[in-house]
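First up is the structure itself, then whatever we jot down about it.
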Amino acid sequence: MADPHHAESHDAYVRGSQEISEQASTFHAFIGMSKWGSLAIAAVLMFLTLAFQPGGSLVGGAISAGVVLVVGWFLLKSPKASH
């Protein structure tokens with residue numbers, strides 16, 4: 001049978017009253033790892049593609065991967081919070 005105390009505690013719930021700082025920090029960590037991990041994967045793929053294609057060079061692959069990393073860092077960094 002249903003517990004009458006459970007119904008009372010459910011009715012006492014007020015939307016938006018729970019602490020969500022842990023969930024928010026987990027979300028921000030996931031988003032950060034996703035965007036920086038994607039940038040790292042893109043740079044590695046650029047390096048491997050240009051370095052090991054027929055007629056490719058390791059130096060050309062490294063330079064292009066470095067350019068991808070620098071441009072990606074500027075595009076993905078978080079804006080400064082204004083106070």
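Going through segment 32-62 one residue at a time, which ones are polar (S, T, N, Q) and closer than 16 Å to F74 by Cβ? Can you show your working first?
Here is the first cut: in segment 32-62, the ones polar (S, T, N, Q) are 34, 38, 49, 53, 57.
Result: S38, single match.
Residues in segment 38-83 that are farther than 23 Å from H28 by Cα and polar (S, T, N, Q): T49, Q53, S57, S64. Considered as a group, the residues in segment 2-39 that are assigned to a helix (DSSP H, G or I), among the aliphatic types (A, V, I, L, M) and at pLDDT 70 or above include one that is farthest from L69 (Cα to Cα), and that residue is A24.
The values are calculated or read from the model by the stated rules, or taken from the named source; none is laboratory data. Quick caveat: nothing in here was measured; it's all calculated off a predicted structure. Every residue, glycine as well, gets a Cβ built from its backbone with ideal geometry; the counts of neighbours run over all protein chains shown.
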